[in-house]
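Working notes, structure below.
Throughout, read-outs are computed from the coordinates displayed, never taken from laboratory work. Bear in mind the structure is a predicted one, so any value in this text is a computation, not a measurement. Backbone-built Cβ (ideal geometry, glycine too); neighbour counts: all protein chains shown.
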């Protein structure tokens, strides 16, 4: 029997990322069973023969259960399909969040996805937090990303659909090993889960508890737009805090970049992100090079705002006083 925790989803405006495949179809019907209100969003990438059928199926389901179905046709991506498709998908979701005011996006990531992610990151060099890239609740800037199925394998979800005679599609592209994730799925994760599913489930539970303890070594004091100020409770938590903050902002660090963060107190990562450490406060913001008025720069100097962070604060019109109170909590405005 599959049960999902719906506590967070009640009295929220929810959007389900729907593909008509096994995982999202299972989550669709589980949400209905639990009387959770939601709409669906589906992207047609046009790379499979059945994609139009899947969109038509999604629309029909929405009509049947009185939901709203958002859909969009993606452009043709000639290179780096996985990344470009993901970026396009989340840009679509972001637009729906802004226009429709959804509180949460639900995705149907499950146990197989967790294991695939862990194995893929393991081969690239990663710490505990990177290995556990998928969490049930992830707070973003203006919404919460919810993954209710992480404890269940694809096999369990498929059994649920068949037992209840619920419709679903099989994504034929999942067998194509030109995509890295499919390669890890076929050669490693499916085999491991077929033999050691219960042990793997327990391991993820233990690792999640260890991760929670590790992340108690720092806390986010200030968050506005893409600006973060994080208080480090231990000297060695800088890299981990930066890693997790940037991941929440959509940027994954390489092993070399993590090592660079450990050594430097002021740096720019990938030409995109400024990272500054002052005492026990770590400040992160998009890296910009723009002209700023002399008066503004002087106000930043007086407020002790890190140099590389100032252009972003200026561009986004973030109030210096509110930021200053985080950097210098004992200072009050006269």
Calculated on alpha-carbon atoms, Rg and Dmax of the stretch 1-99 in Å: 14.2, 42
Helix 154-163 vs. the chain, principal-axis angle (Cα, 0 to 90°, nearest 10): 40 degrees
Calculated over the stretch 14-210: convex hull of Cα atoms, volume per residue (Å³): 135 Å³
Ordering of 247-257, 13-23, 223-233 by burial proxy (mean other Cβ atoms within 10 Å per residue, highest first): 13-23, 223-233, 247-257
Cα gyration tensor shape of the stretch 225-327, rounded if a/c is under 1.5, else prolate or oblate by comparing a/b with b/c: prolate
10 Å-binned pair-distance histogram of the stretch 100-184 (Cα, whole percent): 15, 36, 37, 12, 0
Volume per residue that the Cα convex hull of the stretch 180-228 spans, once the total is divided by residue count, Å³: 119 Å³
All-pairs Cα distance distribution in the chain, expressed in whole percent, bin size 20 Å: 27, 54, 19, 1
Degrees between helix 190-214 axis and first principal axis of the chain (Cα, 0 to 90, nearest 10): 30 degrees
Listed peptides 147-153, 75-81, 49-55 by packing density, highest first (mean Cβ within 10 Å): 147-153, 49-55, 75-81
Residue-averaged 222 nm ellipticity for the chain, from DSSP H runs of 4+ at -39500 (n - 2.57), nearest 500: -13000 deg cm²/dmol
Protection proxy ranking of 295-302, 272-279 - average other beta-carbon atoms within 10 Å, highest first: 272-279, 295-302
Cα-based convex hull, the stretch 104-261, per residue volume (Å³, whole number): 136 Å³
Evaluated over the stretch 60-103, the Cα radius of gyration and Dmax, each in Å: 13.2, 38
Degrees separating the helix 238-248 axis from the principal Cα axis of the chain, which is the longest one: 50 degrees
Percent of beta bridges antiparallel (DSSP, the stretch 14-210, rounded to nearest 5): 15 percent
